[in-house]
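Inspection log for the structure reproduced underneath, given as structure tokens.
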């Protein structure tokens with residue numbers, strides 16, 4: 001318990017510094033390419049710090065937005081650069097070709113919705129932005145949906161922390177715990193929904209395959 005308290009105190013000290021804006025910017029940029037950087041955690045922490053009066057919530061949203069948009073586009077460009085290599089492999093391996101066709105079809109039919117939901121799933125958004133580049137989706141289309149998705153994501157994450165910080169201004173540790181707890185609960189609910197939906201879809205496809 002003491003260790004958790006020490007971590008929360010260290011987080012409060014770090015997120016209360018103006019340098020934390022740059023940390024959020026860097027974290028959101030690299031998280032779009034390497035899904036091990038906890039960008040949501042950084043943005044929520046910045047929102048809590050804003051609620052406590054240490055940062056400005058508008059700037060937290062702005063730097064998170066800039067970093068995420070930049071990172072998504074870098075991931076997309078990496079995918080486009082790798083597309084020729086992937087296509088060459090697809091010509092040699094039928095399994096790779098089938099996966100590539102499936103990804104391309106999914107992006108063309110549900111791409112906008114996928115980009116919106118994947119923004120809240122770290123590994124999912126990296127795979128999707130790379131796939132959009134590999135399948136050479138139009139950049140105007142990609143940018144439009146990324147801007148929409150990132151605006152929702154950055155605003156949600158920062159404002160979630162901000163509300164927690166203001167509501168529990170006299171207890172900063174509780175503010176961080178409550179904000180992170182709510183965010184994890186929402187992410188878990190999304191994952192459960194996706195799991196149930198995918199299982200139902202798989203059953204329908206299986207049932208359809210059994211009836212020629």
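The values are calculated or read from the model by the stated rules, or taken from the named source; none is laboratory data. Source: prediction; values computed, not measured. Note: ideal-geometry Cβ built from the backbone for every residue, glycine included; neighbour counts use all protein chains shown.
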Quiz item: Hey, among the residues in region 123-136 that are buried (at least 19 other Cβ atoms within 10 Å of the Cβ) and at pLDDT below 85, which one's farthest from residue 42 (Cα to Cα)?
Solution: 135
Quiz item: Looking at region 1-33, which of the residues that are surrounded by 12 or more Cβ atoms within 10 Å (Cβ to Cβ) and part of a loop (DSSP other than H, G, I, E, B) is modelled with the lowest pLDDT?
Solution: 16
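So which of 201, 115 is assigned to a helix (DSSP H, G or I) and at pLDDT below 70?
The unique qualifying residue is 201.
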